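The values are calculated or read from the model by the stated rules, or taken from the named source; none is laboratory data. All values reported here derive from a predicted model rather than from experimental measurement. Neighbour counts run over all protein chains shown; Cβ positions are idealised from the backbone, glycine included. Accessible surface is based on the protein model in full, side chains and every heavy atom, while ligands, DNA and RNA are left aside. Shrake-Rupley method; radii C 1.70, N 1.55, O 1.52, S 1.80 Å.
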Amino acid sequence: MQIKVIDDKTGRLIDDINCVGFNLQFVTSDGNGQIQKITNLNNGKYGAKHWIKNDIYQPIAKKIKEKLKKEIASFSVLNINKILFIEDIDYIGDEVDRNTDWVMKIKKAPVQLTEYTGYKFIIESREFWMERISEEQIVAHIYSCLKQIDGDKLIEPDIKGWKEVIGNLGYGWETTLSPIHNLLDGFDKEDFMMLKKADKQLMFNLKNA
């Protein structure tokens with residue numbers, strides 16, 4: 001990806017940037033002075049121990065939305081582009097006692113992050129578990145997070161992981177290493193090709209996530 005900044009009066013190239021993502025802020029010459037944003041942060045370092053993984057999880061989230069937006073009212077207005085997916089790459093879990101651990105969770109983005117990038121929510125996962133659980137579990141985790149979004153706020157699940165998830169997958173589905181059923185049909189290997197293959201190139205260091 002390449003960003004070129006050109007003087008429109010002289011045609012002179014002011015800057016030429018090679019990048020894997022961007023967060024541009026600008027003010028238009030004919031606007032009211034309000035700062036505009038264009039953000040495409042798909043892969044990069046976020047703070048000391050997290051990596052941005054929108055390139056991996058965002059396509060899966062969009063597919064979940066498209067498949068269920070007629071059945072779940074909140075999905076019809078859900079903007080996946082306003083979600084930042086980050087993954088903790090330092091955490092080490094306990095494969096013996098897995099019941100008290102969490103794999104993926106959602107939270108409101110800090111006000112500063114929303115102002116700078118436009119992201120309203122952060123879905124955080126732990127690489128330790130994402131490398132061990134099945135593709136079916138990954139879909140279920142992302143679905144469970146997306147269903148908590150209600151406009152600009154978050155709601156709590158009716159029971160841990162939502163009753164339809166428990167009903168289909170059973171208790172302990174979050175971290176079990178045993179096979180589980182598909183929560184949704186229509187996913188194939190291509191949907192998970194990017195999983196665990198992110199290039200760690202772009203440094204994006206904003207604290208207090």
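With an a/c value of 1.5 or above and a/b not larger than b/c for the gyration tensor axes a ≥ b ≥ c computed over the alpha-carbon atoms, the stretch 53-125 is described as oblate.
Protein chains only, probe 1.4 Å: how do L13, L113 rank by accessible area, largest first?
On the way: L13 85, L113 0 Å².
Output order, biggest surface exposure first: L13, L113.
When the trypsin sites (Lys or Arg not before Pro) in the stretch 63-121 are filtered for DSSP coil states and for at most 15 other beta-carbon atoms within 10 Å of their beta-carbon, the remaining sites are K69, K70.
Within the assembled protein chains, the solvent-accessible surface assigned to R132 is about 90 Å², based on a 1.4 Å probe.
If the limit is 24 Å between Cα atoms, which of K4/K49; K49/K105; K45/K147 go over it? Let's see the in-between values first.
Numbers: K4/K49 31 Å; K49/K105 16 Å; K45/K147 27 Å.
Cα-Cα > 24 Å for K4/K49; K45/K147; rest within.
Taking the solvent-accessible surface of protein heavy atoms with a 1.4 Å probe, what is the per residue accessible area of the stretch 79-128 in Å²? Roughly 47 Å² per residue, with all protein chains present.
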